[in-house]
Each structure stands twice: as C-alpha cells, then as structure tokens.
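Asks: Questions regarding the structure given below will be posed in turn.
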C-alpha cells in the first residue's frame with residue numbers, strides 16, 4: 001500500500017490490517033544536539049582578538065597546529081576495496097598534495113588503527129585550510145571536472161562505502177584557542 | 001473516558017504508529033497501532049459509536065477477552081501514561097455504547 005493511501009486513523013488502519021496485538025506505549029526521550037556550537041571564522045582575520053591570532057599563527061609556524069582550519073572526512077572503504085585503495089594512495093597522494101587549490105593543503109589519509117569505528121568509519125582524510133577562502137577554493141576545485149585535482153578527489157571518494165547506513169562523517173575544525181561557543 | 005487535557009496526537013500511518021505529546025507532565029510518547037486505535041475509540045468527546053463497535057469486533061476476532069476487566073487491562077497502559085482519564089464504561093464490552101447513552 002502506498003503511504004498516501006494509509007488512513008490517518010488508527011482504528012481504520014487497524015481494521016485494514018485485520019489483526020490486533022497488544023497495545024504498547026513507549027516513552028520517547030529526545031536528545032537534541034546542535035552540530036554548530038562554535039562560530040566558523042578565519043582565526044587570523046579581523047574580529048579575532050590579537051592574542052588568539054598570534055597563538056594560531058605561532059602554532060602553525062612551529063607546527064603545533066596543523067593549519068588555521070581543518071576539514072576531516074571520515075568514512076569506510078569496503079573490505080574488498082582496501083587493497084586497491086592503498087595502491088591508489090601510493091600512486092596518487094603526492095599528486096593530490098601538489099594539485100591543491102590556493103590556501104588548501106592535503107594533510108593525508110589515515111587509517112584508524114585503534115578506536116571506535118561504528119559511527120565514523122576506518123579512514124580519515126584531512127585537508128588543511130590556511131584561510132577561510134580555502135574552503136571556497138576546495139569546493140570550486142572539486143567541482144571543476146576538467147581539473148586533475150577534481151579527478152583525483154573523485155577517485156579518492158570513489159573508494160568510499162556508499163551503502164545505505166555506511167559510516168560517514170565530515171567536519172570542519174578550527175583551533176580551540178580561537179573557538180568561541182554561541 | 002476521554003483524552004487527557006492538552007493531549008496532542010500526530011498520526012504516523014506510514015509507521016503504523018502515533019506520536020502523542022502529553023502536557024502534564026510534559027512527555028513525548030509513541031503509541032503502536034493498537035494503542036492508537038484504542039485511544040481513538042475510548043474518547044467520549046468524539047461521537048464515534050461506530051468506531052467503538054468496530055474496535056471491539058476486531059478485538060473479539062483477534063481472540064481477545066472483552067470482559068470489563070480485560071478491557072480495563074487493555075486500557076491500563078494508556079491510563080498509566082496519563083493519556084486518558086475517566087473510566088471505560090463496563091457495558092461497552094457487551095452492548096453498543098450509543099444505545100447506552102440513549103437509555
């Protein structure tokens with residue numbers, strides 16, 4: 001039966017089904033979370049306190065910070081593709097790093113050797129953004145289908161497990177020293 | 001018997017279920033199809049004797065005991081969750097509730 005044909009009456013629906021089980025009432029305890037708890041902003045631009053800008057700049061310079069902002073792709077790769085995935089990385093990671101758009105840097109793809117994998121999968125691909133414009137550049141670079149960069153990113157993502165319910169999680173991160181909650 | 005004051009229902013026919021928001025104390029509840037149908041059938045504020053009769057017939061066909069005590073037991077989960085108030089007429093199991101009101 002199509003959804004639109006199902007009556008919005010419990011009794012009518014029960015009559016259609018033709019059998020009755022036991023009535024049950026369950027409590028729903030909603031857990032509301034917002035994924036946006038920090039203002040996304042360039043930590044080295046106008047509006048950010050000078051001390052925070054300095055801390056971020058120094059952190060990047062001394063490599064205690066990876067970059068001004070990070071993009072993390074978390075995903076799984078089906079078991080039968082893992083060997084080909086590793087081969088692809090061996091052959092293409094260097095080019096991927098070289099071909100990044102301005103203010104974008106490829107920071108590697110990692111496999112989770114230990115930790116919880118149920119929700120976010122076994123692999124992480126990390127992108128560094130030197131400034132906020134890198135986010136637009138990365139989007140534009142991936143969308144430019146004629147570019148070698150877009151082809152490589154597409155091939156990389158082609159290994160992702162795209163089955164329904166497969167673990168997948170993407171995040172944009174900023175240095176905590178410059179993260180203001182709202 | 002009637003629905004509790006301020007009770008709001010959101011049918012989910014695609015899932016054979018109904019969401020209920022209870023105001024006092026605030027709670028969100030999920031009713032399965034049987035509980036949802038019972039809720040509709042016992043609401044005295046709705047003039048729906050046919051619904052009550054249909055429900056009872058269906059329950060009887062499903063092999064349920066329709067004695068007053070058994071019906072009270074069926075309604076217990078709804079009452080325990082504060083979805084309904086009042087008593088279910090004990091005569092409903094054996095005769096048409098509309099006829100009872102006429103008498």
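Asks: Pick from A:46, A:164, A:151: which is most flexible by mean-square fluctuation in a GNM of chain A where alpha carbon atoms under 10 Å apart are linked?
Replies: Among A:46, A:164, A:151, the largest mean-square fluctuation in the Gaussian network model of chain A belongs to A:164.
Asks: Roughly speaking, what is the stretch gain from residue A:114 to residue A:140, that is 0.36 nm per residue apart minus the C-alpha to C-alpha distance, in nm to one decimal?
Replies: So the extension gain works out to 6.0 nm.
Asks: Please say if the range A:74-139 is rounded, prolate or oblate, where rounded means a/c under 1.5 for a ≥ b ≥ c the square roots of the C-alpha gyration tensor eigenvalues, and otherwise the choice is prolate for a/b larger than b/c and oblate otherwise? Don't skip to the end; give the middle numbers.
Replies: Working: a/c = 2.79, a/b = 1.55, b/c = 1.81.
It is oblate, given that a/c is not under 1.5 and a/b is not larger than b/c.
Asks: Does anyone have the angle between helix A:82-98 and the longest principal axis of chain A? Alpha-carbon axes, 0 to 90°, nearest 10?
Replies: The answer is roughly 40 degrees.
Asks: So for the pair residue A:41, residue A:94, with labels modelled 7 Å out along Cα→Cβ, what separation do we get in nm?
Replies: Going by the 7 Å Cα→Cβ label model, 4.2 nm.
Asks: I would also like to ask the following. How large is log10 of I(q)/I(0) for chain A at q = 0.12, 0.13, 0.18 Å⁻¹ when the intensity is taken from the Debye formula with one equal scatterer per alpha-carbon?
Replies: Once normalised to I(0) and log-transformed, intensities are -0.74, -0.81, -1.25.
Asks: Could you grab the relative contact order for chain A? Cα pairs under 8 Å, six or more apart, rounded to a whole percent.
Replies: Relative CO of chain A lands at 30 percent.
Asks: Using a Förster distance of 45 angstrom, determine the FRET efficiency expected from the C-beta separation of residue A:50 and residue A:80, and round it to 0.05. Each step should come with its number before you reach the end.
Replies: Values: r = 53 Å, r/R0 = 1.17.
The computed FRET efficiency comes out at 0.30.
Asks: Working from the alpha-carbon coordinates of the range A:121-182, get Rg over Rh, Rh being the Kirkwood radius. Before the final figure, lay out each step's value.
Replies: Details: Rg = 14.4 Å, Rh = 14.0 Å.
Radius of gyration relative to Kirkwood radius: 1.03.
Asks: Which of rounded, prolate, oblate describes the range B:1-53, given a ≥ b ≥ c as roots of the alpha-carbon gyration tensor eigenvalues and a/c under 1.5 marking rounded, otherwise prolate only if a/b is larger than b/c? Walk me through the numbers on the way to the answer.
Replies: Details: a/c = 2.55, a/b = 1.19, b/c = 2.15.
Verdict is oblate for the range B:1-53.
Asks: What is the distance, in nm, between label points placed 7 Å from the Cα along the Cα-to-Cβ direction at residue B:53 and at residue B:14?
Replies: 3.5 nm
Asks: First check a/c for the range B:1-92, with a ≥ b ≥ c the square roots of the eigenvalues of its C-alpha gyration tensor; if it is under 1.5, answer rounded, and if not, answer prolate when a/b is larger than b/c or oblate otherwise.
Replies: Working: a/c = 1.72, a/b = 1.38, b/c = 1.25.
Prolate, since a/c reaches 1.5 and a/b exceeds b/c.
Asks: May I pose another question? Along the Cα→Cβ direction, 7 angstrom out, place labels at residue A:176 and residue A:163. What is the inter-label distance in nm?
Replies: Label-label distance for residue A:176 and residue A:163, simple model: 3.5 nm.
Asks: Cut-off 10 angstrom, C-alpha nodes, Gaussian network model of chain A. Which of A:17, A:122, A:41 fluctuates the most?
Replies: A:17
Asks: Here is a further query. Taking every residue in B:52-64, how many Cβ atoms of other protein chains lie within 10 Å of its Cβ, on average? Present the calculation step by step, with values, prior to reporting the outcome.
Replies: Numbers: counts 1, 0, 4, 5, 0, 1, 7, 2, 1, 3, 5, 2, 3.
Across B:52-64, the average partner-chain Cβ count within 10 Å equals 3.
Asks: Divide by every residue of chain A the summed helix terms, -39500 (n - 2.57) for each DSSP H run of at least 4, and state the resulting mean residue ellipticity at 222 nm, rounded to the nearest 500 deg cm²/dmol.
Replies: Values: 5 runs with 59 residues, N = 182.
Mean residue ellipticity, 222 nm, calculated: -10000 deg cm²/dmol.
Asks: Which of A:88, A:127, B:36 comes first, and how do the rest follow, when ranked by fewest Cβ neighbours within 10 Å? Provide the component values of the computation, followed by the final result.
Replies: Details: A:88 18, A:127 22, B:36 28.
By the 10 Å Cβ count, ascending: A:88, A:127, B:36.
Read the figures in this text as sums done on the coordinates, not as results from a lab. Please read these numbers as outputs of a predicted model, since none were measured by experiment. Note that each Cβ is placed from the backbone with ideal geometry, even for glycine, and that neighbours are counted across all protein chains shown.
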